[in-house]
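Novice: I have a structure here, written as structure tokens, and I will follow up with some questions on it.
The values are calculated or read from the model by the stated rules, or taken from the named source; none is laboratory data. Since this is a predicted model, take the numbers as computed values, not measurements. Note that each Cβ is placed from the backbone with ideal geometry, even for glycine, and that neighbours are counted across all protein chains shown. Side chains included, ligands, DNA and RNA excluded: accessible areas come from the protein's heavy atoms. Shrake-Rupley method; radii C 1.70, N 1.55, O 1.52, S 1.80 Å.
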Amino acid sequence: MAEVPLYRSTRGSEGKASFEEALLHGLAMDGGLYVPTFLPRMPEGWEEADSFPDLGVRVLESWLAGPVPSSALEAFVRDALSFPVPLVPLQDTAWDGVFVLELFHGPTLSFKDFGARMMARLMTYFLRERSERATILVATSGDTGSAVADGFAGSAEVDVRLLYPKGQVSPTQERQLIVARPGVRAFAVRGAFDDCQRMVKEAFVDRSLDGLRLTSANSINIGRLLPQMLYYFEAFRQGGFGEAVVCVPSGNLGNLTAGLLASLSGLPATRFIAAHNANDFFPSYLREGTADSRPSVRTLSNAMDVGVPSNFERLQSLFPPRELERRLWATSVSDAETIASIRRVYEDAGYVADPHTAVGLEAARRFRSENGGETPTIVLATAHPAKFPEIVQLALGFEIDQPGSLEALWAESTFAEEIDPNLPALRHALLQSA
Ligand SMILES: *Cc1c(COP(=O)(O)O)cnc(C)c1O
């Protein structure tokens, strides 16, 4: 069997970790992020895979065969990635050669389902092998929480505890977080998202919670990034592209990092566009070479409201600065431009984009007007527009249809407990629900 990568820390002060260790720890012991020790080449003939799951199995085998038995890996991929991933061409001359890759047909209607569902199966597998259990603690302002909750629901090895800022997520997002799921509890924190994040960090180092074996599932976990490589290959397979530009609506840069890992292992992407909202840390870095830390600002594309992207450290460790500049093009799109983008794409091509995808479409439009539009451009659609009905209504003046899966949520029972924004309140809630 071919060798598969081990993982080293971006800070480099410790030995190599197995995939299992990197997955279960999330962060390296020295506080760094795990990066692979080498990049497996794409298996020959990947373009000829018969379906997305077939492609997924082939690619992931080059990363995980050995640590995960082939039959198990195949079952995880087929079970986790069982929803469609359509590549939709925009039907308009102004958008000729632009394709939207819809990553929002999973159960919680955002691309986070890919990473969360695969990670859930892999973590559950390793914990079961070890006869261990764990509790995943997630601070969420939207899509991560529901994808993780849905991915792990019913796992005998893993409980999930979600913290979200009460009154600061949209009604649809809240409903997706609090719908009752086995093994999952949601805590509505009387505070802001920053309070939720701080409480989670404090809980991880609170020794009185050791018995819960707290672990994280945020986008720094390598177990979420590897499955996210798969849909990049899928877009090229479906489109039959020999080369293409790929545009990624970005926040913590996890999705973009996955794309770059795919290109390092052979994906023929000529350029990646990092599409950011007003949180423009990364575009400023590529333009000016400065990486100042800054607070996040709230925007209409709230899943991308990140001050300092957590995967920036990983990108810096994988590429020298000049190489990042060569592979990437970045831009920042304001809220007013996001609304204008939703309108433009609808008026031009009849396509309804959610605010995150709209940031990506605007970035792609700018890139093409600067660099020409000869190369096909793939824009990742990261969320379903029905997750953001208020914003779509504001932009287009009509209400968007809810997919059945979302509609059904309003009939289900819910469970959320309100807590104060401090560690003692969280500690109490965690111990009581254990
Ligand atoms: C999380 C998220 C993003 C940003 O992805 P990163 O990997 O953090 O860059 C973009 N769009 C949507 C809808 C998201 O949920």
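Novice: Efficiency by 1/(1 + (r/R0)^6): what FRET value for S208 and D96, r their Cβ-Cβ distance, R0 = 51 Å, to the nearest 0.05?
Specialist: Values: r = 61 Å, r/R0 = 1.19.
Efficiency for this residue pair is about 0.25.
Novice: Sticking with this structure for a sec: In region 1-99, what percent of the accessible surface is made up of carbon and sulfur (1.4 Å probe, ligands and nucleic acids excluded)? Please report the intermediate quantities before stating the final value.
Specialist: Working: 2420 of 4710 Å².
Exposed carbon and sulfur together represent 51 percent of the surface.
Novice: I'd like the antiparallel share, as a percent to the nearest 5, of DSSP beta bridges with both residues in the chain. Spell out each step's value before the answer.
Specialist: Values: 10 of 48 bridges.
Percentage antiparallel, nearest 5: 20.
Novice: Express in nm, to one decimal, how much length is gained between E44 and R128 on full extension, taking 0.36 nm for each residue of separation and deducting their alpha carbon distance. Walk me through the numbers on the way to the answer.
Specialist: Values: separation 84, 0.36 × 84 = 30.24 nm, distance 3.35 nm.
Separation in residues times 0.36 nm, less the Cα-Cα distance, equals 26.9 nm.
Novice: Determine the relative contact order of the chain: mean sequence separation of Cα pairs under 8 Å and six or more apart, normalised by residue count, in whole percent.
Specialist: Worked out over the chain, it gives 18 percent.
Novice: Let me ask something additional. For region 40-109, state which trypsin sites (Lys or Arg not before Pro) are in a DSSP loop and have at most 13 other beta carbons lying within 10 Å of their beta carbon.
Specialist: Details: sites: R41, R58, R78; in loops: R41.
Counting only loop positions with at most 13 other Cβ atoms within 10 Å, the trypsin sites (Lys or Arg not before Pro) in region 40-109 are R41.
Novice: Taking K201 as the anchor, which lysines have their alpha carbon closer than 21 Å to its alpha carbon, excluding any fewer than eight residues away along the same chain?
Specialist: K166
Novice: So, taking all protein chains as they sit and a 1.4 Å probe, how much accessible area belongs to S250, in Å² rounded to tens?
Specialist: My reading of the accessible area for S250 is about 0 Å².
Novice: Rounded to whole Å and sorted largest first, list the principal axis extents of the Cα atoms in the chain.
Specialist: Principal axes ranked by extent give 60, 54, 43 Å for the Cα atoms.
Novice: Further, regarding this structure: Report the residues of region 148-174 in range of a label on R427: point 7 Å along Cα→C-beta, backbone N strictly under 17 Å from it.
Specialist: none
Novice: Next question, about the same structure. Rank P385, P165, P182 by mean-square fluctuation in a GNM of the chain with C-alpha springs under 10 angstrom and give only the top-ranked residue.
Specialist: Its mean-square fluctuation being the largest, the pick is P182.
Novice: Okay, moving on. How large is the helix-only mean residue ellipticity at 222 nm for the chain, computed as the sum of -39500 (n - 2.57) over DSSP H runs with n ≥ 4, divided by its residue count, in deg cm²/dmol to the nearest 500? Write down the numbers at each step before the final one.
Specialist: Numbers: 17 runs with 188 residues, N = 434.
Roughly -13000 deg cm²/dmol at 222 nm, from the helical runs in the chain.
Novice: State the percentage of accessible surface on region 153-277 attributable to carbon and sulfur atoms; use a 1.4 Å probe and exclude ligands, DNA and RNA. Write out the running numbers ahead of the final one.
Specialist: Numbers: 1670 of 3590 Å².
Carbon-and-sulfur percentage of accessible area, whole number: 46.
Novice: Just flag the GluC sites (Glu not before Pro) in region 336-433 sitting in loop per DSSP whose Cβ has no more than 10 other Cβ atoms within 10 Å. Mind showing how you got there, number by number?
Specialist: Numbers: sites: E337, E347, E362, E370, E374, E390, E399, E407, E412, E417, E418; in loops: E374, E399, E412.
Within region 336-433, the qualifying GluC sites (Glu not before Pro) (loop, at most 10 other Cβ atoms within 10 Å) are E374.
Novice: Suppose each label sits 7 Å from its Cα in the direction of the beta carbon; what would the A75-F398 distance come out to in nanometres?
Specialist: Label-label distance for A75 and F398, simple model: 4.6 nm.
Novice: Quick check on region 245-369: take the gyration tensor over C-alpha atoms, sort the square-rooted eigenvalues as a ≥ b ≥ c, and tell me if it's rounded (a/c under 1.5), prolate or oblate. Don't jump to the answer; show the numbers that get you there.
Specialist: Numbers: a/c = 2.01, a/b = 1.32, b/c = 1.52.
Since a/c reaches 1.5 but b/c is at least a/b, the shape of region 245-369 is classed as oblate.
Novice: With every protein chain present, what is the per residue accessible area of the chain (1.4 Å probe, Å²)? It would help to have the intermediate numbers written out before the result.
Specialist: Values: 16700 Å² over 434 residues.
Roughly 38 Å² per residue, with all protein chains present.
Novice: According to the Kirkwood expression over distinct Cα-Cα pairs, how big is the hydrodynamic radius of region 124-247, in Å?
Specialist: 16.2
Novice: OK, next. Under 13 Å Cα-Cα from K112, which aspartates and glutamates qualify once same-chain neighbours fewer than 8 residues away are excluded?
Specialist: Within the straight-line limit of under 13 Å, K112 reaches these aspartates and glutamates: E102, D143, D150.
Novice: Where a ≥ b ≥ c are the square roots of the eigenvalues of the C-alpha gyration tensor, would you call region 368-434 rounded, which needs a/c under 1.5, or, failing that, prolate if a/b is larger than b/c, or oblate?
Specialist: Details: a/c = 3.07, a/b = 1.89, b/c = 1.63.
Here region 368-434 falls in the prolate category.
Novice: So if we plug the beta-carbon distance of S51 and R190 into 1/(1 + (r/R0)^6) with R0 = 41 Å, what FRET efficiency do we get, rounded to 0.05? Intermediate values should be presented prior to the final figure.
Specialist: Working: r = 47 Å, r/R0 = 1.14.
For S51 and R190, the calculated efficiency is 0.30.
Novice: Now for a different question. Cut-off 10 angstrom, C-alpha nodes, Gaussian network model of the chain. Which of T299, T331, T377 fluctuates the most?
Specialist: For the chain, modelled as a Gaussian network with Cα springs under 10 Å, the answer is T299.
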